[in-house]
Amino acid sequence: MKKVFLFASIIFCLIFSGCQKSSRADSFAKEDIETFKYYLENAYIFYDDLQEQNSFKFNTNRILKRYRKLKKNFPKSHVENGINQDALMNALANFLYNIRAMDNHLYLKGKNGGWIVYPPNVVFTSDYYFSKEGDSFVLSKSPDGSLTGKVFTGNPEDIKKVIRNKKEIYQFAPNLREEKREEAILLLDGKKHKVPVKKKTIRYSDDEKLFELKETEDTLYLKINTFSVMLGSEEYESFTSFFKEIAGKIEGKKNLIIDLRGNTGGLLKFPKELMAAVYNIWDDEIDKNQLMEFLNYQSYGNLYMDSEAVAKSRYDLAVKNNENPDYLAQAKEYYEYIKGTGKREVVGNDKVNMTILPQYKKKKLKTKIFVLTDYYTASASEATIGYLYMMDKENITLVGLNSSGAFVGVDVLPYELPNSKITVYLTAESYKKTIICSLIDSWKGENYGFVPDYWVTDDSMTDTLEYLTGDKAVAMFEYKGK
C-alpha cells in the first residue's frame, strides 16, 4: 500500500511540476503578447490608420488561445523560456493579417526564421495572348483555337504588355498572393474559362559586387545591387568613385539601363546622389545642392512616430551597430530626455498641396532611361524610381516585374519581446501621403509596388531590351541570378 501511495505521489508531483512549467510558460507568452501590443500602439506609425479603418480590439487572451492551439503544429520550433517561437509568431502574424496591416516591412523574426505578414504579390503566366483593338483586348493566340477572337472582360491589371518576336503583344498574367496555383479564371465575353497558369519565379542574386558598369557604343548599363552601405566605410568610398565615374558618360549615349533587380534598398542618400551623377551635376556644388533640395520634395507629407519606445529602439540599434559618435550621442541624449515620459505622438504634416508630380526644370536628358525591376526591388530602390519620375516622368520606362512595394512604411526598427526573444520589425515613418506614393500612376501601393511598362514574364529580357533600345549589343547585359 505504501508503494502505491509513493508511486501516486511521484506521478502527482511530475504532473504538478509539468503544469507549473506550462503555466509559467503561458504566463511568459501572455506577457510577450502584451509587450507586442505596447510596441504596436507606441512604435508603429500605421497603428492609428488601422484603427480608423477596422476599429479593432486587441484581445490578448484570444491570441494566447490561438498560440496554445498552434504549439502542436510546430514540434521542431525553437523554444525560448518555454515559448514555442514559431507558434507565437504565427499567432501574432495572424492578428496583423486580420487587421490588414499591409506593410511590406512588417516582419517577425525568431532564431530559426521568421514570418512575413502578407505574402508577396507575384505574377502567374499563361499561354493566352491578346491584341489591343481600341480599348479592348482580343484573344489572338492560345492553346484553344476555338476561343480566338473573343474579348477579355476580366480585371485589366491581369493583362500585361510584353515583347514577343519583336512585337508588342498582351499576355494574360494575373498577379496573385499565392505560392501554389495551377489554374486561374480567364473571363472572355463575360464567360469564365479555367486556364493553366504557372508562377513566375526569380532567383535572388547574392552577388557580392556593389555595382557593375558596362557599355556599348549606344548604351550604358548600371547594375546596382544594394544601397545598404554604411557611411564612411570602404564601400561608401567605392560608391562615391562609381558616381564620379558615370557622371558625364551618359549624355553621349542613346540609352541608359539602370538594373535594380535584386536591390532591396538601403540609405536614401545613394539614390539621390545617383540622380546627380546620371544628370551630370556631380561636380557642380550649387546645382547639386539645388537638386537635393528638389528631391527632398519627395518627403513632403511624411508622418513619423515620436515616442519613448521608438527613441529606445533607435538608441539600442545605434549602440549595436557601433554608429558614429555624433549620431550615437544624439540618439542617447534624446532617449534619456524622453525616458519615463511615456510620450507617444504622430508628428508631421500630411497635407500636401501638390496635385501634379513636380518635374526638375533645370536639366533634361536626350538619353532614354530604362529601369529593370523585380520582386526584390524594394525601399530605397523604389525611391530611385520615384526620383527618376520626378526628374523627367516622360523619359522613364520600367521593364521586368512589379517591384516589392516596400516604400510606404520606412525607418524600420527592431523590438524584442522579453521572454520569447522574438524580434518584431515596425516602421516608424509613413510616406503614404508623399508625392511618389500619391502622384505617380505606376505606383500601385504597398506589397504591389511599381508596375512595369513592359513585363518580362519569362526569360525574354534580352529580346525586350533589344526591341526597346534598338541596340543588339545589350545581350551582354543580361543579368544572371544565382
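Using only side-chain charges placed at the Cβ, +1 for Lys and Arg and -1 for Asp and Glu, the dipole size of the range 260-322 relative to its Cα centre rounds to 400 debye.
Based on C-alpha pairs under 8 angstrom that are at least 6 apart in sequence, the chain has a relative contact order of 18 percent. Separation of the range 129-164 from the range 181-242 is 27 Å, based on Cα centroids.
Working from the Cα coordinates of the chain, the gyration tensor eigenvalues give, after taking √(5λ), semi-axes of 45, 32, 21 Å in decreasing order.
Axis of helix 325-338 versus longest Cα principal axis of the chain: the two differ by about 50°, to the nearest ten degrees. Listed cross-link partners Lys30/Lys432; Lys71/Lys200; Lys200/Lys272; Lys161/Lys472 are compared with a 25 Å cut-off, the Cα-Cα value being larger for Lys30/Lys432; Lys71/Lys200; Lys200/Lys272. Relative to one another, the C-alpha centroids of the range 454-475 and the range 350-409 are positioned 20 Å apart. Principal-axis analysis of the Cα atoms of the chain puts helix 285-295 at an angle of about 60° to the longest axis. Sorting the segments 343-349, 35-41 by their residues' average number of neighbouring beta-carbon atoms within 10 angstrom, most packed first, yields 35-41, 343-349. Within the accessible area of the chain, the carbon and sulfur atoms contribute 49%, probe 1.4 Å, all protein chains present. Note on His105: accessible area is roughly 40 Å² with a 1.4 Å probe, heavy atoms of protein only.
Ranked by the mean number of other Cβ atoms within 10 Å of their residues, highest first, the peptides 86-99, 277-290, 378-391 fall in the order 378-391, 86-99, 277-290. Each of Ala247, Ala318, Asn280 was scored by the projection of its Cα onto the charge dipole of the range 233-357, and the greatest displacement toward the positive side belongs to Ala318; charges sit on the C-beta of Lys, Arg, Asp and Glu.
Cα centroids of the range 288-348 and the range 85-127: 27 Å apart. In this structure the range 374-482 gives 30 Å² per residue of accessible area when probed at 1.4 Å with all protein chains present.
Counting only residues at least eight positions apart within a chain, or on another chain, the aspartates and glutamates with an alpha carbon under 12 Å from that of Lys72 are Asp86. For the range 301-396, the number of Lys pairs separated by eight or more positions or lying on different chains, with C-alpha atoms closer than 18 Å, is 12. Projecting the Cα atoms of Thr367, Thr341, Thr377 onto the charge dipole of the range 338-383, computed from C-beta unit charges around the Cα centre, puts Thr367 farthest toward the positive end.
The alpha-carbon of Lys209 sits under 18 angstrom from the alpha-carbons of these lysines, leaving out residues fewer than 8 places away in its chain: Lys223, Lys244, Lys480, Lys482.
Over the range 100-202, accessible surface divided per residue gives 56 Å², non-protein components excluded, 1.4 Å probe. Summing +1 for each Lys or Arg and -1 for each Asp or Glu among the other residues whose beta-carbon sits under 12 angstrom from that of Leu439 gives +1.
The magnitude of the dipole of the chain, with charges of +1 and -1 set on the Cβ of Lys/Arg and Asp/Glu and taken from the Cα centre, is near 2300 debye.
The values are calculated or read from the model by the stated rules, or taken from the named source; none is laboratory data. Note that this is a predicted model, so its numbers are computed, not measured. As a convention, Cβ positions derive from the backbone with ideal geometry for all residues, glycine included, and neighbour counts pool all protein chains shown. Heavy atoms of the whole protein, side chains included, go into the accessibility calculation; ligands, DNA and RNA do not. Shrake-Rupley method; radii C 1.70, N 1.55, O 1.52, S 1.80 Å.
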